[in-house]
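Reading through the structure tokens given below for one structure.
The values are calculated or read from the model by the stated rules, or taken from the named source; none is laboratory data. This one's a predicted model, so the numbers in the text were calculated from it and none came from an experiment. In this analysis, Cβ positions are derived from the backbone assuming ideal geometry, glycine residues included, and neighbour counts consider all displayed protein chains. Just the protein is used for accessible areas: all its heavy atoms, side chains included, with ligands, DNA and RNA removed. Shrake-Rupley method; radii C 1.70, N 1.55, O 1.52, S 1.80 Å.
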Amino acid sequence: MTIRHISSKANPWFRKIKELANDNKAYREHQQVWIEGEHLCRAAINRDWKFAELVLHESTTSEEIEFWTPYAKVITIISEPLMVSLSTLPSSTWIGGTIDLPKPINFNSNQSAVILDRLQDPGNVGSILRSAAAFGIKQVFTTPQTVALWSSKVVRAAMGAHFNIHLYESVSSDFLLALNLPVLATSSHHGQSLHNLLREHHLPSPCLWVFGHEGQGADAEWFDKAYINVKIDQPGGEESLNVAAAAAICLYASASQSINKSRA
């Protein structure tokens with residue numbers, strides 16, 4: 001374990017961390033992700049993740065340093081001005097860190113997965129990752145042009161879900177369709193009623209759930225090739241649901257059917 005102190009913004013180390021914190025795609029170059037705030041850092045260690053480096057405010061107590069020491073290879077103590085400059089939060093925090101970008105693992109065709117097709121809003125994507133983790137989905141794919149999954153805004157919105165699922169970015173639809181799993185493409189305008197599919201126990205498992213672009217929806221090719229086109233009944237008469245809300249409803253339906261089958 002190494003503990004060091006840095007106080008200059010001109011330090012090359014600081015410039016790298018600043019890039020990781022502010023450039024949404026820098027993690028791909030450096031193969032590391034910056035996270036900040038006690039909640040996210042604790043979420044990581046609770047899932048047995050280790051930090052390549054922890055960054056602590058100079059006011060951090062010796063007891064807190066002792067607690068975090070087993071979870072990092074290096075601890076860097078920085079001054080308040082540096083922490084304020086580094087933070088992307090509304091108010092700076094006392095703890096942050098870098099984690100190594102996880103190595104991709106082979107897709108498990110015996111488990112369901114979520115496909116995010118060209119989604120752009122980090123809040124929506126983070127919320128869907130939270131729902132996926134909550135309802136037992138361990139695999140999430142994105143198609144090209146989807147927001148970067150490890151960008152700081154997505155990581156914050158997901159509230160720790162990143163540490164409990166496997167992520168696969170910029171995967172072609174041809175590859176996903178070649179997995180030969182049933183595809184459920186969601187639409188606000190046409191398809192079979194999710195309510196009816198759930199009531200009749202017709203939701204396939206495992207399967208691929210497709211959630212599309214906030215304005216355009218899922219690409220038309222998914223509806224041409226999908227096993228089931230799914231819509232959510234909206235008796236209130238609104239035009240459509242927010243994609244993150246729709247995803248939560250669909251993934252809950254899948255989880256509910258699986259639970260009912262296991263108890264039957």
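What the table below lists for this structure:
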read-out	value
Members of segment 106-117 found to be open to solvent by 80 Å² or more (accessible area, probe 1.4 Å) and either under 15 Å from VAL171 (Cβ atoms) or in contact with a strand residue (DSSP E or B) (Cβ under 9 Å, 6 or more places away or on another chain) (or both), listed by number	ASN106
Meets criteria (of a type in the set (Ser, Thr, Tyr), open to solvent by 30 Å² or more (accessible area, probe 1.4 Å), within 30 Å of HIS57 (Cα to Cα) and in contact with a helix residue (DSSP H, G or I) (Cβ under 8 Å, 6 or more places away or on another chain)) for THR88	yes
Inter-residue pairs, beta-carbon under 6 Å, first within 15 Å of GLU239 (Cβ to Cβ) and in segment 179-192, second modelled with pLDDT under 90 and part of a loop (DSSP other than H, G, I, E, B), 6+ apart	SER188/SER240
Among the residues listed as GLU214, GLU239, GLU200, the single one being acidic (Asp, Glu), without any contact (Cβ under 8 Å) to a residue 24 or more places away in the chain and over 19 Å from SER112 (Cα atoms)	GLU200
Single residue of segment 180-207 satisfying the filter (open to solvent by 40 Å² or more (accessible area, probe 1.4 Å) and assigned to a loop (DSSP other than H, G, I, E, B)) that is farthest from VAL230 (Cα to Cα)	ASN180
Residue ID - farthest from the chain's Cα centre (by Cα), chosen from residues in segment 135-178 that are in contact (Cβ under 8 Å) with a residue 40 or more places away in the chain and open to solvent by 60 Å² or more (accessible area, probe 1.4 Å)	PHE135
Test result for SER240, surrounded by 17 or more Cβ atoms within 10 Å (Cβ to Cβ) and at pLDDT below 90	no
Long-range neighbours under 9 Å by Cβ, at least six apart or interchain, first residue farther than 16 Å from LYS138 by Cβ within segment 245-260, second among the polar types (S, T, N, Q) and surrounded by fewer than 19 Cβ atoms within 10 Å (Cβ to Cβ)	ALA246/SER188; ALA246/SER240; GLN257/SER205
